Amino acid sequence: MSFYRKRSFVLLPLIALCTLAMVKKSNPIASKKRFANSSASEDWCTAQLKSMTLEEKIGQFFMISAHPDLGEKEMNKCIELVRNQKVGGVIFFQGERASFGRAVKQVQEASKLPLFVGMDAEWGTNMRLFDGERFPYAYTLGASNDTSCTSQIASLMAQECREMGIHMNFAPVADVNSDPDNPVIGFRSFGQDPVKVSAHVAAFVKATEAGGIMSCLKHFPGHGDTDKDSHLELPTVSRSRAELDKVDLLPFGKGITSGAGSVMIAHLNVPSLDKSGTPSSLSSKIIKEELIQNMKFNGLVFSDALNMKAVSEAYGKDEVAVKAFEAGCDILLCPENVASAIQKIAEKVKEGKISKTEIDERCLKVLRSKYHYVVSPLAGKNVSESERTWRKQEVFEKALTVLKNEHDVLPFKKLDQKILRISIGMHTSFFRDGIALFDDVAYRHYFTLKEAVEELKNEKLNADVIVYSLHPTTVRPKNYFGMGLEAAELNQLPKGKSTILVFFGNPLYFSNPATLNGFDAAVIAYENNRYAQTAAAQFIYGAIPSTGKLPTSLNTSMPYGYGLQINSTGRLKFSQPEELGVSSLKLKEIDRIAENAIEKGAFPGCQIVVALKGKIIYRKSFGKPTYESSDSVRNSDLYDLASVSKIAGSTTGVMYLQSNGKFSLDKKLQDYLPELTSGSDYGKIIIREMMAHQAGLTPWIPFYKRTLKNGIPDPSLYSKEKKEGYTQQVAK
């Protein structure tokens, strides 16, 4: 749907993955993926159809909204519509997971047939539920420039939907973000390049469908090239037919051939497809001719919400639902008068204006869809919480985009600079914690850009490097993309020898290239969350590279696809075990070993770090620094590694050699060091005994004492000043 506000709709459509009985030409790719009409499926669908009255069949074409956050009274209205009008599905909006679960149970119990439960979950259920899981926005996935990331994220969202009893996700947005002033698409689109958008759409659709959840391509025939909000008025898409084929329709075609179960029709005026001015959601020419016949789509067709002002005010609450159905919409979303609309369609059937055969065929589509997604859905793949964390982190690491890096100030090569971090906005702690993994830097914080400018514009800051991190409240255009002031105001902030800007928001904030003139480096992280902030900190300190590309043009100097590619310095990266294919559950066995050792008094406490291939994948502290201490060991505590150097160095080396057949613990020292030990007692030492501290060797020989005379440095060996023969300083 064309929804982007927190308080909007979530469509609960009945999507069908069955062949449209009205259309003789089917899409062989889509139908092969989506239809497996077994005898069990057909028996169930046929039995249900035979048991239904005309009004009950028509009711299956209606999807009503549910708002658990509005309380029991509003939910009771929804339940009564389900019970009395026999509607086919419910779309859920605002709420929280617990109230959502109760509401789903209530509406399902009130329905004669299984209801289709759907939700706008473009970035996970967090789009509608306050405590739903949060996944990356589409434009962040576009910036990652990696469709495998899109596939992984869509699979994770499908898992979340399955776990919560949701059968359909109204995603992906297949619109090409052509107009930067678009009020309803923007960050919800994968970007402005139709080929790249098509690739991401295909990846999203395949993963969603494989996860047993119905996908929905929206908003056909393309809402990207508009500057009006269809919630409020009817936008016009002025592209020629050739332009539509080349740009807007391309992702929809790719999504259809990838097996999308449904398509949502937008409320748009598209003269090149229908000269009459009829909104696309009410146009049989656009739906039946373009989508079904020309593009050979054989899934369910959804109208966009019928209570949106683009159509509701012009056509009336009842008539708009009838017109949408006649135009080819199988599912009528959020009509304002369900009972009246059902009766009007029933009257047209009784008058012969709509055939009973058509009603049966289209109702059968809905029933088949319910069988495949509700009654007998695909199981899908479940992954652990740690795997989900890594997959989200991976997207933000790959999406990180560098717009500017003069004098190669990023990443930091040396940590002996005086660095000052200044954060502006809300929810900044993950960036702070990410930096703390590498360095201890001074910092200041301001809640708004206005506050920062007013307090800092006349101040001279004592720092070699200043890192400004901007944490906006939204990625939408309102209120200057959540910063409160236009980007030009950033130039009033004081600068250091090097000044770096990190922005956790929409890059369109910097559409004026002059805004960045006062900064040596500028980094776009796209979203203000833990994953983006962690990625930015790791990049700044050289632990990860930057590979992201702008999903949309900012200006002529920073067009679509722009982004500086910067390598990492090789500094250790803090990561998840899953990045290297290691199980987090398996690593938890380390916890048990450490805790058991502390309990039995083997040592008071410890730190354990596992690093593999340049990545730290396990880092925990246990116990206390001493047996008598009341403090706990922290990750920031420092241990002297000298006493374990033989373990960390020589032991791991000989373990590797022995595993490759190049070393044996049962040989003698003279077998490997003949030039040093042959003919001496040392040469007869067995390696195993030496490594086990059982060789009888003197543990430490204080050679330095031989250079002292009467307890002070021998003047024949040491001098207090540099002179001939005394050129190597050994102490201050």
Worksheet item: Sorted by packing (mean other beta-carbon atoms within 10 Å per residue), highest first, where do 119-129, 386-396 land?
Response: 119-129, 386-396
Worksheet item: Going by a ≥ b ≥ c, the root eigenvalues of the Cα gyration tensor, does region 195-245 fall in the rounded group (a/c under 1.5), the prolate group (a/b larger than b/c) or the oblate group?
Response: oblate
Response to the item:
Cα-based Rg/(2.2 N^0.38 Å) for region 578-642, rounded to two decimals, is 1.22
Worksheet entry | the chain - percent relative contact order, Cα under 8 Å, separation 6 or more | 11 percent
Practice prompt. Compute the signed sum of charges (Lys and Arg +1, Asp and Glu -1) over the other residues within less than 15 Å, Cβ to Cβ, of ILE79.
Written response: +3
Discussion item. Please report the net charge: other residues with Cβ closer than 13 Å to the Cβ of VAL441, K and R +1, D and E -1.
Written reply: -1
Practice prompt. Pull out a ≥ b ≥ c, the square roots of the eigenvalues of the alpha-carbon gyration tensor of region 96-213, then state rounded if a/c is under 1.5, prolate if not and a/b is larger than b/c, and oblate in the remaining case.
Written response: prolate
Fill in: Dipole magnitude of the chain about its Cα centre (Cβ charges: Lys, Arg +1; Asp, Glu -1), debye to nearest 20
1180 debye
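Any idea how many Lys pairs in region 175-260 come in under 15 angstrom at the alpha carbon, given 8 or more places apart or on separate chains?
Lysine pairs, 8 or more places apart or on different chains, close enough: 5.
Accessible area, 1.4 Å probe, largest first: how do ARG102, ARG362 sort?
On the way: ARG102 145, ARG362 0 Å².
Descending accessible area places them as ARG102, ARG362.
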Worksheet item: Over the chain, what is the percentage of antiparallel beta bridges among all DSSP beta bridges, to the nearest 5?
Response: 25 percent
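What does the charge count near ARG97 come to, summing +1 for each Lys or Arg and -1 for each Asp or Glu among other residues with Cβ under 11 Å from its Cβ?
Values: positive: ARG102, ARG128; negative: GLU96, ASP131, GLU133, GLU160, GLU163.
Around ARG97, the charge tally is -3.
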Item to complete: Please report, in debye to the nearest 20, how large the charge dipole of region 229-274 is about its Cα centre when each Lys and Arg carries +1 at its beta carbon and each Asp and Glu carries -1 there.
Response: 220 debye
Practice prompt. Using a 10 Å cut-off on Cβ atoms, rank the peptides 399-412, 541-554 from the highest mean neighbour count down.
Written response: 541-554, 399-412
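Quick check on packing: order 560-571, 694-705, 89-100 by the mean number of other C-beta atoms within 10 Å, highest mean leading.
Sorting 560-571, 694-705, 89-100 by mean packing, highest first, produces 89-100, 560-571, 694-705.
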Discussion item. At q = 0.12, 0.17, 0.20 Å⁻¹, what log₁₀ I(q)/I(0) does region 43-140 have when each alpha carbon counts as one equal point scatterer in the Debye sum?
Written reply: -0.44, -0.76, -0.93
Item to complete: Pick out, from THR401, CYS329, SER423, the residue whose Cα sits farthest towards the positive end of the charge dipole of region 318-443, with +1 on the Cβ of Lys and Arg and -1 on the Cβ of Asp and Glu.
Response: CYS329
Worksheet entry | Matching label, mean projected area of the Cα convex hull in nm² computed from the structure shown, candidates (1) 42.8; (2) 44.5; (3) 36.9 | (2)
Worksheet item: Stretched out fully, how many nm does the piece from GLN565 to ASN126 gain, at 0.36 nm a residue minus the Cα gap?
Response: 154.8 nm
Response to the item:
Descending accessible area (1.4 Å probe), largest on the left, turns THR428, THR226 into THR428, THR226
Practice prompt. Provide, as a two-decimal number, the C-alpha radius of gyration of region 220-345 over 2.2 N^0.38 Å, N being how many residues it has.
Written response: 1.00
Worksheet, complete the sentence: In nm, the gap between the two label points placed 7 Å beyond Cα toward Cβ at VAL609 and LYS353 is 7.6 nm
Response to the item:
Taking Cα pairs closer than 8 Å and at least 6 residues apart, the relative contact order of region 578-713 in percent is 11 percent
Worksheet item: Where the only charges are on Cβ atoms (+1 Lys, Arg; -1 Asp, Glu), what is the dipole of region 125-256 about its Cα centre, to the nearest 20 debye?
Response: 320 debye
Item to complete: Please tell me the relative contact order of region 644-732 in percent, rounded to the nearest whole number, where contacts are Cα pairs under 8 Å and at least six residues apart.
Response: 15 percent
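The values are calculated or read from the model by the stated rules, or taken from the named source; none is laboratory data. As the structure is a computational prediction, the values presented were derived from the model and not from experiment. Here Cβ is always computed from backbone atoms with ideal geometry, including for glycine, and neighbour counts include all displayed protein chains. Accessible surface is based on the protein model in full, side chains and every heavy atom, while ligands, DNA and RNA are left aside. Shrake-Rupley method; radii C 1.70, N 1.55, O 1.52, S 1.80 Å.
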